[in-house]
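Notes to accompany the following structure.
The values are calculated or read from the model by the stated rules, or taken from the named source; none is laboratory data. Because the structure is predicted, anything quoted here is derived from the model rather than measured. When we count neighbours, we look across all protein chains shown, and the Cβ atoms used for this are built from the backbone with ideal geometry, even at glycine.
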Amino acid sequence: MLEKRLLEELLGIAVSTGADFAEVFAQQERSGQLRLISGKIESVRDNLLSGVGIRAFVGTKTYYASTSDTSREGLLRCAAAVAGAVGDANGQTTLINLTPDEIKVEHVSYLPGDVETSRKAEILREAADAASGCDEKITQVQGVYMDVDRRFLVANTEGLCREDRKVRTRLAITAVASKDGENQSGFYGPGGGMGIEFFEKVSPTEAGRRAAKQALTNLSAVYCPAGQMTVAIENGFGGVIFHEACGHSLEATSVGIGASQMAGKLGQQIANPKVTAIDDGTIPHGWGSFSIDDEGNPASRTVLIENGILKNYMIDRLGSRRMGMPMTGNSRRENYTYEPTSRMTNTFIDNGPDKNEDIIASIEYGLYAKEMGGGSVNPLTGEFNFAVKEGYLVRNGKICEPVRGASLIGTGAQILQDIDMVGQNLATGQGVCGSSSGSVPTDVGQPLIRVKKITVGGRS
């Protein structure tokens, strides 16, 4: 992507004014998107992003500059800007010797650029037609087909020089059901670290039907009652609760500056002993997987919580310096214009000891959250509020009528203690997580779990 000699020159300039470490990140990314509304392809986009970011460290202070001018002159100016921010030129020359390292890149059968747009449109239409055909009450369907081919290189003053390539593909379907002037929506958005062959394992037809069925269920649902309840949260995207309420509090971004509810708690019992939580960027073709992170470190499987005990944090280079702990391969950024920081990859609560049927049967009265939606969280306090996209009341161990308008309100530290049953049907769901280094693809996941007591927002 960039020649070795040029990389060495850029790094030498970046540390020439007193920095103790420097890094070059070069990126070339092609992304495509097709958008469908009411049976018609409304837009087709094909974007190319190319640029370089250069970062220097002085202890735990960082200096960063980026440029889309990838000519030699443009890159030299970028490196000089970083060096100038660090300090005044001292006339010293630092010799950098890079050792390029071959990294095994995941095999992809079909790169996005090699697939005809018409084939992608067929998949989008298949999903939309399936949603529309579910019921006459489905009045509108919107769909998006997205793919990304991301190539990047990382080189630093420790001699590291590595490249990676990651392909991702995703289908997102939203269906609207209408009756007597009322509208309710349903959504399903599967994705994976693959090319169009992803749809050999995920059916566009089933994706469309799943979105439509959720909309139809919500159309017939009554409003959820409010109050404290026992809640069962289903697998897959239900893991967004852990991701938001607890996962962000385990990132060095917040832990390293003491702005986390989990700071200083390594080795402590922070969750029910049935809870084991893992961040794993090595899962083959995972939505949040990669070979190396955006600082060039190999992806890893990090056990965050084991049998309720806090074992690890997710740590990038800056967090490593602040905390005196090793990096875990969790440094990520949206693109070269962002300075990287510690982020989740594929993060999930692992399978537990309880049978799924026993979890539902154990609830005398409560809520079954089949599908979770978005929400908000404060990493310092762990306070969260999440919408339930599809929910049902549970009475006497049986799933009963659907409810809508439900939300789950609590704190991350408390919900970890109150998860008292963990099932055995681990699955993941795909999303995009936003933080200080931009938006990155992340997987969330869990088996069916039971929270013995949580505040449910609804109608009194």
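Just to verify a result, which residue in the range 213-233, among those that are in the same structural domain as Val440 (by TED's automatic domain parsing) and crowded, with 24+ Cβ neighbours inside 10 Å, is nearest to the chain's Cα centre (by Cα)? If we take residues in the range 213-233 being in the same structural domain as Val440 (by TED's automatic domain parsing) and crowded, with 24+ Cβ neighbours inside 10 Å, then Ile233 is nearest to the chain's Cα centre (by Cα). Only one of the numbered conditions (1) modelled with pLDDT under 95; (2) closer than 15 Å to Glu158 by Cβ is not met by Gly39, and that is (2).
Pairs linking a residue in the range 282-311 that is among the basic types (Lys, Arg) and part of a loop (DSSP other than H, G, I, E, B) to a residue that is crowded, with 18+ Cβ neighbours inside 10 Å and modelled with pLDDT of 95 or more, with Cβ atoms under 8 Å and 6 or more positions apart or on different chains, are Lys311/Leu304; Lys311/Ile305.
Would you check which residues across the range 373-417 are of a type in the set (Lys, Arg) and over 20 Å from Phe237 (Cα atoms) and list them? Arg395, Lys398 - these are the residues of the range 373-417 that are of a type in the set (Lys, Arg) and over 20 Å from Phe237 (Cα atoms).
For the range 69-111, filtering for residues that are within 13 Å of Val52 (Cα to Cα), surrounded by fewer than 12 Cβ atoms within 10 Å (Cβ to Cβ) and within 34 Å of the chain's Cα centre (by Cα) leaves 1. Every condition in (1) free of Cβ contacts under 8 Å to residues at least 40 places away in the same chain; (2) out of contact with any strand residue (DSSP E or B) (no Cβ under 6 Å at 6 or more places or on another chain) is met by Lys179 except one, and the failing one is (1). Of the residues making up the range 322-355, those that are outside any loop (DSSP other than H, G, I, E, B) and either under 19 Å from the mean Cα position of the chain (by Cα) or surrounded by 19 or more Cβ atoms within 10 Å (Cβ to Cβ) (or both) are Ser331, Arg332, Thr341, Ser342, Asn346, Thr347, Phe348, Ile349.
Just to be sure before I move on: is Asp294 over 18 Å from Gly191 (Cβ atoms), charged (D, E, K, R) and either at pLDDT 95 or above or not assigned by TED's automatic domain parsing to the domain that holds Tyr392 (or both) in the structure I sent? So Asp294 passes the test.
To keep it simple, each residue is scored yes or no on (1) assigned to a loop (DSSP other than H, G, I, E, B); (2) without any contact (Cβ under 8 Å) to a residue 12 or more places away in the chain; (3) under 17 Å from the mean Cα position of the chain (by Cα).
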| position | (1), (2), (3) |
| --- | --- |
| Ile359 | no, no, no |
| Asn425 | yes, no, no |
| Thr428 | no, no, yes |
| Asp443 | no, no, yes |
